[in-house]
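The values are calculated or read from the model by the stated rules, or taken from the named source; none is laboratory data. This structure is a prediction, so every number in the text was calculated from the model and none was measured. Quick reminder, even Gly has a Cβ in these numbers, built from the backbone with ideal geometry, and neighbours come from all protein chains shown. Heads up: the accessible areas ignore ligands, DNA and RNA and are worked out on the full protein's heavy atoms, side chains in. Shrake-Rupley method; radii C 1.70, N 1.55, O 1.52, S 1.80 Å.
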Amino acid sequence: MKKTNLLGVLLIALFTAFYSIDGYAQQAQEDTTSASADIGDLEFTTIGSKEDSIANNIKPDSSAAVTTTADTTKKAVEAAPVTSQNKEKTLWQTFIEGLFGGFLAFLMPCIFPMVPLTVSYFTKRAGSKQKGIAQAIIYGLSIIVIYVAVGLLITILFGSSKLNELSSSGIFNILFFLLLVVFAMSFFGAFEITLPSSFVNKIDQKADNSRGLGGIFFMAASLALVSFSCTGPIIGTLLVQASSKGEILAPAVGMFGFALALALPFTLSAIFPGFLNSMPKSGGWLNSVKVCLGFLELALALKFLSSADLVWHWEWFDREIFLVLWIVIFAMMGFYLLGKLRFSHDSKLEYISVPRLVLAIVSISFAVYMVPGLWGAPLKVLSGLAPPMHTQDFILTNNDHAAGPAVSSDFPSKVKYAEVLPAPHGFKVFFDLDEGVEYAKKVGKPIMLDFTGWTCVNCRKMEDDIWVDPTVGNIIRDQYVLIQLYVDERKVKMPADKVHYSKYLKGDTDNLGRWNQDFQATKYGANSQPYYVLVDHQLNPLVPAQGAIFNAKEYASFLQSGVDKFNLAK
């Protein structure tokens, strides 16, 4: 039983290591770089669903009018319905992530051994099985209430829009890189993250002295506080992920899933005593789970460091460095599972069980899988998580995928902001709206507006996985003029004639990111990335806008529909 349980736990842990790429299996299409404030009665769309489009009857802010070559951005945008389908999907994903986190937390050394003691306490205190079950249910509900309250507190203090603004800032990403490194060191046994003992002792004392529902609630609070050294890193990571979803209820929903998974075993053990008897005994395998989570926390921390590097243009944390560190981390985790590495608090490993061997093979194999990426292999599993391909210093093979007709020979040799903003590998891109519109008129092609961001995971996944498809790539290169509008580029300052007060941002559009943010919100009624708007030369949408579409054929059809509509209007 020990072996089977360990196998399941570590497999879950391997999958949760990647939950910054939420949509890989489920085609998640939520935004990862979002806006920083609300705008009057502007209704934002949710990206990714087929019904995504601009909000109904939204007109550009008169104080934020955009001056283009034809002064066309003041025109009203055709309406299309807004859907909540993707919002629901995002919350479900957050809930599932919370469940995974809760089950992992339950298997931590601080919590797992407490189940028999807690259930036994309820049975003796109640005096009968029925009362014991009732008190165990109340205990489980108290755990849920406590953790959901934490999620709601995060939302009340910061708000989803503020957290989204922070998630695309360099300071935020550096802080969370350091935080996750601290969590990893704690899991490795360097120290324990604990709350003040005086506070914990007061809660324990109230649990002992209180009777009835109050005593049970304080017992649940005591569990939450005493186990913080194990659950704190998991809760922290979960809240970071939930807060970047762009949904105000995401932190509370994530904590609900976490608390439900944590409370369920306690309640089931009281209702069904056989469940308690079937649970594996405590032992060294619990610490192995904790250490493996430490490796995964350390790997995930590098994603935040990479985001800070991109936002601040350090240009040193390249794709190769990221991959080398991940290769080392997962190879070391494999060696740890084989007993070749030991920490001070590890018990002696007498033999290698089959589950440990299998997981060691998985971990080391994953490390080997990443090796070709050092020479430019695409590594689709890491799309959106690893730094983009343009940071790669050496690419052995030609990944341009430029099988289709080449870009027109009169494409400018140098475009505005190209010294700061890199083009996706194999594509010619404009980064300034006016410059791109002028070129589109010259060559007579429709325009593809790509609202993107440095820290946008799904933006990179689309470029790495979908745009490299020959059909998709050829349509973008041959049929469109591609304009990428970064909403989180703070380094590029806007000229004085482009700076205006934005009601949406509640401030001036003094840099390129804020200008693009305001343009997306006031013109197209959206604040999420990636967001693809296929427009004519007057910047009017040809077809309903779309977010991330993780299916090459479906995305190619979307692109082709814009071309067909443009050609019909000629």
Going through the stretch 454-486 in order, the residues found to be at pLDDT below 90 and open to solvent by less than 20 Å² (accessible area, probe 1.4 Å) are Trp454, Thr455, Cys456, Val457, Asn458, Cys459, Arg460, Lys461
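Conditions (1) in contact (Cβ under 8 Å) with a residue 60 or more places away in the chain; (2) in a helix (DSSP H, G or I), marked per residue:
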site	(1), (2)
Asn287	yes, yes
Phe295	yes, yes
Leu300	yes, yes
Leu323	yes, yes
Pro355	yes, yes
Met370	no, yes
Asp393	yes, no
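Of the residues Leu359, Leu349, only one is outside any loop (DSSP other than H, G, I, E, B) and closer than 18 Å to Asn287 by Cα; which?
The match here is Leu359.
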Within the stretch 490-498, can one find any residue that is surrounded by 23 or more Cβ atoms within 10 Å (Cβ to Cβ), aliphatic (A, V, I, L, M) and touching an Asp or Glu at 6+ places or on another chain (Cβ under 8 Å)?
no
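Per-residue answers, yes or no, for (1) surrounded by 18 or more Cβ atoms within 10 Å (Cβ to Cβ); (2) in contact with a Leu (Cβ under 8 Å, 6 or more places away or on another chain); (3) at pLDDT 90 or above:
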residue	(1), (2), (3)
Met279	no, no, no
Lys290	yes, no, no
Glu297	yes, yes, no
Ala308	yes, no, no
Trp314	no, no, no
Phe322	yes, yes, yes
Leu337	yes, yes, yes
Val358	no, yes, yes
Checking Leu175, Leu180, Leu104, Leu163 in turn, the sole residue that is at pLDDT 80 or above and buried (at least 16 other Cβ atoms within 10 Å of the Cβ) turns out to be Leu180
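One line per residue, one yes/no per condition, for (1) surrounded by fewer than 20 Cβ atoms within 10 Å (Cβ to Cβ); (2) among the aromatic types (Phe, Trp, Tyr):
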{"site": "Asn540", "(1), (2)": "yes, no"}
{"site": "Ala545", "(1), (2)": "no, no"}
{"site": "Asn551", "(1), (2)": "yes, no"}
{"site": "Tyr555", "(1), (2)": "no, yes"}
Looking across the stretch 555-570 at residues that are closer than 14 Å to Ala440 by Cβ and in contact (Cβ under 8 Å) with a residue 40 or more places away in the chain, the single one that is farthest from the chain's Cα centre (by Cα) is Phe566
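Kindly indicate which of Val563, Val533 is outside any helix (DSSP H, G or I), of a type in the set (A, V, I, L, M) and either touching a Pro at 6+ places or on another chain (Cβ under 7 Å) or open to solvent by 10 Å² or more (accessible area, probe 1.4 Å) (or both). Please lay out each step first, then the result.
Values: Val563 fails: outside any helix (DSSP H, G or I).
Sole residue among the options that is outside any helix (DSSP H, G or I), of a type in the set (A, V, I, L, M) and either touching a Pro at 6+ places or on another chain (Cβ under 7 Å) or open to solvent by 10 Å² or more (accessible area, probe 1.4 Å) (or both): Val533.
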